[in-house]
1. If the Cβ limit is 7 Å and pairs must be 6+ apart or interchain, which residue in the range 305-330 that is farther than 20 Å from residue 357 by Cβ and among the hydroxyl-bearing types (Ser, Thr, Tyr) pairs with which residue that is surrounded by 19 or more Cβ atoms within 10 Å (Cβ to Cβ) and modelled with pLDDT under 95?
2. Kindly list the number of the only condition in (1) under 26 Å from residue 282 (Cα atoms); (2) aliphatic (A, V, I, L, M); (3) touching a Lys or Arg at 6+ places or on another chain (Cβ under 9 Å) that fails for residue 315.
3. Quick one: would you say residue 672 is touching a strand residue (DSSP E or B) at 6+ places or on another chain (Cβ under 6 Å) and part of a strand (DSSP E or B)?
4. I'd like to verify a number: residues in the range 489-507 that are at pLDDT below 85 and surrounded by 15 or more Cβ atoms within 10 Å (Cβ to Cβ), how many?
5. Only one of 187, 165 is in contact with an Asp or Glu (Cβ under 7 Å, 6 or more places away or on another chain) and either in a helix (DSSP H, G or I) or modelled with pLDDT under 95 (or both). Can you tell me which?
6. Got a number for residues in the range 551-604 being assigned to a helix (DSSP H, G or I), over 15 Å from the mean Cα position of the chain (by Cα) and among the charged types (D, E, K, R)?
7. Which of the residues belonging to the range 255-288 are under 23 Å from residue 592 (Cα atoms), surrounded by fewer than 20 Cβ atoms within 10 Å (Cβ to Cβ) and in contact (Cβ under 8 Å) with a residue 12 or more places away in the chain?
Amino acid sequence: MKGENLLEFIRKSDKPLSFKEIAEAFGLKSSERKKLKRLLKDLVTQGKILRNRKGLYLPVKEVQLITGFFEAHRNGYGFVIPDSPSERDIFIPPHATMGAMHGDRVVARLEQRRKREGRIIRILERAVKRVVGLVEKSGPIFYIQPRNKNINQQIVIAPGEIKVKPGDIVLAEVTTYQSINKPLVAKIIKVFEKPKNSRQDIEILTYEYDLPKKFPNDVITASEEISSKGISKRQFKNRVDLRELPTVTIDGENAKDFDDAVSIKKTRNGFILWVHIADVSHYVKWNSTIDIEARQRGTSVYLPDRVIPMLPPALSENICSLLPKTPRLTFTVEMHFSNSGERKETLFYPSIIQTVERMTYTSVKKILIDKDAEEIKRYKSLVPHFERMAELCEILKNKRKKRGSLDFDLPEPEVLLDIKGDPQAIIKAERNLAHFIIEEFMIAANEAVAEFLYSKNVPCLYRVHEEPEPNKIQYLTKIIKNLGILKEDLKPSKFHEFIGVVKGTPYEEIVNYLILRSLKQARYSPENVGHFGLASECYTHFTSPIRRYPDLIVHRILKEFLQKEKISKERKKELEEILPDIAIHSSRMERRADSVERDSIQIMRVWFMKDKVGEEFNGKVTMVSPEGLRVRLEEYYIEGFLPISYMTDDFYQFDEKKYCLMGLKKKRKFTIGTSLQIRVSKVNIDEREIIFELL
C-alpha cells in the first residue's frame, strides 16, 4: 500500500471514513494495519487529510480548509501563508489563532472568503520547540521573555533541577503549548553565561534558532571517504571534457564553496555562454546518510563570523568545490544567445572543467570599471572574456527589465571584523558590475533548466514568487503618495517602471525598500506559478547545489531525465509524492536562515554601538509609526529607534493620512527620507536595541 493510493481513495469517498472502513476496503490483515496507521498519520501531518473529532478521515479540499504556515504579529493577529502558491494569504484575528505560534504549520478554515479571513482549526507541526530568553519573575512565578520577537507569549518555567534567577539567559524546551486553559510552559535545559562579546552572543543565537552544531560522525566519515578518492579517469566517461575552455569562478574574497564557473565565446550571431555548476549529485545520492543530513539542513547559513554549511567541508570546500586550476566534475548549461539576447539553443550535459583562475568581484571590477593597469596586465589573456561577459550581461539585464523584472539596488550590510572576530565597522556592501555578471548568468541558467523540465512535463521544484496582496499594495500606494512622488494608484505591473522613475533621486532607496517590503517572500513549490520579481513565467534554483538543497534535487531530476530521455509514470508519481514536502521544508529552512542571518547582523550592530552611547550622528528616517521613527545612520549602515518620548523639542503626533510625525508647535515634520541629527541614548545588548534621542 502506498500513500498516494490511500490519499486517492479518501479523496474519492463521498463521506468521511473510519480506520476500520479504510482497512477493510484495502483488505488489510491485522499485521498490515500498523503501516496503515503510519500512512494516515503522515497524510494528516502533511495537511493532505484531516481527522475529525469522531476520528474519521476526510480530504482537506473537501471541507474548504487551507494548509499553510502561520505568520504571527506581535499584536496577536497573524496570517496563514497557504502551501499552494495559487491561494491568497488568510488573515487570522487574535481570537482565532488557537494558540498557534510564528512558523507553525496549520490548517485554517476560511470563514469570510471576500475578506480572506479565517480561523485556525488544527496545528499540524510546531515550529518553536526550544526557546532562548531572559528569566523574569512575577510573584512566585518564574517565566521566560523570549528573545525572538515573533513569540509574543510569556513562557512559564516548569519546576526542575536547574535553578535560575531573574536576568539569566536560558535555553528551554516547550513542554506544554498554550491553549484556552493552559499557559505556555517550558523546562530549562541550559543556562548561558552572560555574553562578553559578539561571538558568544551569536553562539547563543545558534541555539535560539536550533541550528545544527556538528555533522554526525557517519556523515563526516562518508564525506571524507568520497573526497579522499578524488577524481579518476573512469569518472570522465559520459562527460564532455571542457578543461581546455577558458573558465573562471568569480566570487567574494572570503568564499570557500565555489558552486559555479563561467565561460564565454563571441560568435558572428551572438554569444555562447557556458554555466558550469558543481556536480554534487554525482557524490551525494538519494537517501544516503549525507543526503538525509543535507535535506534536514536545507541550506547553508552564513553569519558574519562563521558558516554553518549544508554539506560537510570535505565536500563543500573540497571535492565538490570548483577550486582553481583543479579538475572538477560539473553539470553544464550551454546557452546560445543572439546579439539581442534571445536564447536560441540550450544544451545540458555532465562535464569536467578546470578553471584557469579564481577571480574575485573586486578584481573583475578593477579590470572592467577602474581600468587598473596592474590588474589588466596580471589577467591579460582573460580581459577579452570579461569584456564579452559585461557586454552579454548588459543585453540580458536590459531584456529582463523590459519584461518587467524588479531590480532593487538596495545596499546590504557588511560586517568588517577585527583580528579577534569582533565588529570593527558595519558598512554598505558594494555591488558592482562583476556581481551583476554572475547574477544575470545564473538567472539565465536557472530559467533555461526550469523551462526545459516544464516543457517535458517533468515534476520539478520551482522557485515561485506571487504578486503582492491587494492590502499591501493599497498601503504602499498610500505611503508613496504621501511622499509626494505619486499621483495615481500603483499597480504591481507598473512597479518596475516606478523603480526606474525614482532611480538617481533622493527617494530611490526608500521607494525600493518600501516596494520590497510589500512583496511576498519567494519560496519553493512543485506547482509553477511564475516568479513575479523576475517577471519570469518559469523559474527554478539550479546553480547552488553545494549550499541549497532544492538545487541538488533539480540536478538529480534533470540528470535522470537526460539519461533515460523520459520519466516513467511510476517515477513521476513518486516525485509528485515527495516534492511537496521537500518544497515546504526547504522554504522553512530558508526562512530560518534569513531570520538568523538578519538577527546576527543586529547582534553585531549592538555590540559595535555599545561604546558609542552619547555620540552624535547624522541619519535618515526609514520608517514612521505612532511610537516613533526608525533612523539609519549615514556614517555606518546601522539602524536604531527614536521613540516619540525622546523627541523633546516639541509635542509630536502621528498623522496617518500623511504618514508622518508632526510637531504641534513648531510644525517640524518627519516622514520617510527626512534627514536629522541624533544622539545615541542607550544600547541594550539583551534586547538587541539601539535607542536614539533627537537633537
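The values are calculated or read from the model by the stated rules, or taken from the named source; none is laboratory data. These figures come from a predicted structure and were not determined experimentally. When we count neighbours, we look across all protein chains shown, and the Cβ atoms used for this are built from the backbone with ideal geometry, even at glycine.
1. 316/257
2. Condition not satisfied by residue 315: (3).
3. Judged against the criteria, residue 672 is not a match.
4. 1
5. Going through 187, 165 in turn, the sole match is 187.
6. 13
7. Selection gives 256 alone.
Okay, residues lined up against (1) modelled with pLDDT of 80 or more; (2) at positive phi; (3) surrounded by fewer than 16 Cβ atoms within 10 Å (Cβ to Cβ):
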position	(1), (2), (3)
4	no, no, yes
16	yes, no, no
21	yes, no, yes
29	yes, no, yes
61	no, no, yes
99	yes, yes, yes
